[in-house]
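What follows is a short report on a single structure.
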Amino acid sequence: YAADENGDRQYSNNEESSGMKAPGKGYVELDKVKNVTAKKTGYRQVTIGWTPVDGAGYYKIYQISGNTLKEMQTVKGQSSSRCVLTNVLLSEQPYTYTVRAYADGNDEVYSQSAQDAKVSVMLDTPVLTGAKASAYNKVTVSWKAVSHADGYYVYRKTSGSSWKILTQ
C-alpha cells in the first residue's frame, strides 16, 4: 500500500486489503471487531458486547444461520460496545451472533466479521428440590418453578432401562 498526503492508507486494485473500497476514495480499512460476547440476560433477551473499533460510525449485529447473515440491530456511535436484543425466540439450538463495524454514512465500507459468539436462549432448567416416598408405589417429586414455563415433563429411569415420561 501507499500513504496519501494525510498519511491514510491507499490501495491499488491489485493489492489486497481487509477493508472495502469506498467510491472515489480507494480502500478504507476498518479493524475487525474483537471480543464479541453474547449472554442471555433475561427472558427472550440477549446482550451482545464487543470492543469498539476506531473509525467506525456504527455497528450491525447479525444472527448467523448456516451461510446467511440476518441483520438484527444497528447501533450508532463509534464508542458503542453493546446492544440488547429483545423478543429473541426460544430455541433448543444456540444462536450465533457476529458484529461488523461500518464507516459513518457508508454501508459499502465495513470491517471483516468478528469472531462469532454463541448463546443459548432457552428456559432455565428446573432444580429438583425433593423426591420422597409418600406411600406404597408412590413418590412425590418437587422442584423450583421456572419463570415463563407453561408446563413440565416428569421422567423416570430405573436401573437398566431408558428414560420414560411419567407425566406432562
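Here are some pairs, Lys32/Lys60; Lys40/Lys157; Lys34/Lys70; Lys39/Lys60; which of them have Cα atoms lying more than 22 Å apart in this structure?
Numbers: Lys32/Lys60 13 Å; Lys40/Lys157 31 Å; Lys34/Lys70 20 Å; Lys39/Lys60 17 Å.
With Cα atoms farther than 22 Å apart: Lys40/Lys157.
Return the loop-located chymotrypsin sites (Phe, Trp or Tyr not before Pro) in the range 104-149 (DSSP other than H, G, I, E, B) with at most 11 other Cβ atoms within 10 Å of their own Cβ; answer none if there are none. Before the final figure, lay out the partial values.
Working: sites: Tyr110, Tyr136, Trp143; in loops: Tyr136.
Answer by residue number: Tyr136.
Name the residue from Tyr95, Tyr152, Gly130 whose Cα lies farthest towards the positive end of the charge dipole of the range 77-154, charges +1 on Cβ of Lys and Arg and -1 on Cβ of Asp and Glu.
Gly130
May I ask you to give the percent of accessible area on the range 19-168 that is carbon plus sulfur, with a probe radius of 1.4 Å?
Working: 4770 of 9950 Å².
That share works out to 48 percent.
Send over a whole-number figure in Å² for the accessible area per residue of the range 45-167, probe 1.4 Å. Could the numbers behind the result be given before it?
Details: 8130 Å² over 123 residues.
Ligands and nucleic acids excluded, the result is 66 Å² per residue.
Pull out a ≥ b ≥ c, the square roots of the eigenvalues of the alpha-carbon gyration tensor of the range 43-89, then state rounded if a/c is under 1.5, prolate if not and a/b is larger than b/c, and oblate in the remaining case. Write down the numbers at each step before the final one.
On the way: a/c = 2.54, a/b = 1.46, b/c = 1.74.
Oblate.
For the range 81-168, what mean projected area does the convex hull of the alpha carbons give, in nm²? All intermediate terms of the calculation are to be shown ahead of the outcome.
Numbers: hull surface 40.3 nm².
Its average projected convex-hull area is 10.1 nm².
The values are calculated or read from the model by the stated rules, or taken from the named source; none is laboratory data. Since the structure is predicted, the reported quantities are computational estimates derived from the model, not experimental observations. Counting neighbours? That spans all protein chains shown, and the Cβs are built from the backbone with ideal geometry, glycine included. Ligands, DNA and RNA are excluded from the accessible area calculation, which covers all protein heavy atoms including side chains. Shrake-Rupley method; radii C 1.70, N 1.55, O 1.52, S 1.80 Å.
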